[in-house]
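One structure is given here, and the rest of the page talks about it.
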Amino acid sequence: MPLELQELNPETDFPDIARCLFESYEDPPQKFFHVFFPIHGTGEKTREEAIDEAATRLKLWHTHDPSSYWQKAVDTDTGKIAGGALWNIHKENPFANPPLSEVTWFPDDGSRRFVEKALVNHSAPRAKVAQGPHLYLFIIFTHPDYRRRGVGQQFMDWGMKKADELGYDFFLDSTPYGRPLYEANGFVYIEENVNVPQTGSPDEKWKEVAEKVGPFTFWLMWRPVGGNYEEGKTVKPWEQK
């Protein structure tokens, strides 16, 4: 079962990408996934509706974001998608004039307010340090059937090569599951981000999502251009005066 990286076809691939995404993050379950791709209710019907919504939204995000570049890992024997990666290739500071983004995937109530705060919290560490052109790995996943086959490393090899070709710093937000892969590829820990949205008057919908998601932690990680980091010697761009 050879696995090959291919650029995603935005006209045909998002339904399969969304399904692979859900199946990847459901095994093992990761609570933070609900913030980005919720299932509103129980049962197979609501799950299918959530996958359909995710496919539509991912295509919309891709279409309207010039920095977006999607890849898929394909089993060339079967044509099945084994994993995916969404890159943002930022040619300029994305935080200078950030686009307005409405959290349409939650109802307009306290649950949406919670997610809005969570998204701001999630991007805050990178907003402090990535104030110029850079490569950002937004989403990466491998289907359970294809784990330990080097899918994640294939994506990382492509990303590191692309960052070096462009002369860009490479940033990502790591889950506990992904951190060993990134550390093995020379990524440097910058900041732990424990995401706990706060409000002065949480309503019941806010509380429901907060209980479902709980505090969730990502680690902002960085790889300098060329990948050669030496503690105390390598200059961190955000510390330059």
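The values are calculated or read from the model by the stated rules, or taken from the named source; none is laboratory data. If you're wondering where the values come from, they're calculated on a predicted model, not measured in any experiment. Here the Cβ positions follow ideal geometry from the backbone for every residue, glycine too, while neighbour counts run over all protein chains shown. Please note that ligands, DNA and RNA were not included when accessible areas were found on the heavy atoms of the full protein model with its side chains. Shrake-Rupley method; radii C 1.70, N 1.55, O 1.52, S 1.80 Å.
For segment 142-194: of the residues being part of a loop (DSSP other than H, G, I, E, B) and among the small types (G, A, S), which is modelled with the lowest pLDDT?
Checking each candidate, the answer is G178.
Each row is one residue, and each column tells you yes or no for (1) under 30 Å from E4 (Cβ atoms); (2) buried (at least 18 other Cβ atoms within 10 Å of the Cβ); (3) out of contact with any Leu (no Cβ under 6 Å at 6 or more places or on another chain).
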{"position": "S68", "(1), (2), (3)": "yes, no, yes"}
{"position": "Q71", "(1), (2), (3)": "yes, yes, no"}
{"position": "G84", "(1), (2), (3)": "yes, yes, yes"}
{"position": "N88", "(1), (2), (3)": "yes, no, yes"}
{"position": "P99", "(1), (2), (3)": "no, no, yes"}
{"position": "A130", "(1), (2), (3)": "no, yes, yes"}
{"position": "H134", "(1), (2), (3)": "yes, yes, yes"}
{"position": "P144", "(1), (2), (3)": "yes, no, yes"}
{"position": "G150", "(1), (2), (3)": "yes, no, yes"}
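Going through segment 152-176 one residue at a time, which ones are open to solvent by 10 Å² or more (accessible area, probe 1.4 Å) and within 18 Å of the chain's Cα centre (by Cα)?
G152, Q153, Q154, D157, W158, M160, K162, D169, D173, T175, P176
Taking interchain pairs and intrachain pairs at least six residues apart, which have beta carbon atoms under 7 angstrom, with the first residue in segment 125-151 and within 13 Å of W222 (Cα to Cα) and the second β-branched (V, I, T)?
P125/I190; V129/I190; L135/I89
If G200 satisfies all but one of (1) under 21 Å from G84 (Cα atoms); (2) modelled with pLDDT under 95; (3) surrounded by fewer than 17 Cβ atoms within 10 Å (Cβ to Cβ), what's the number of the condition it fails?
(1)
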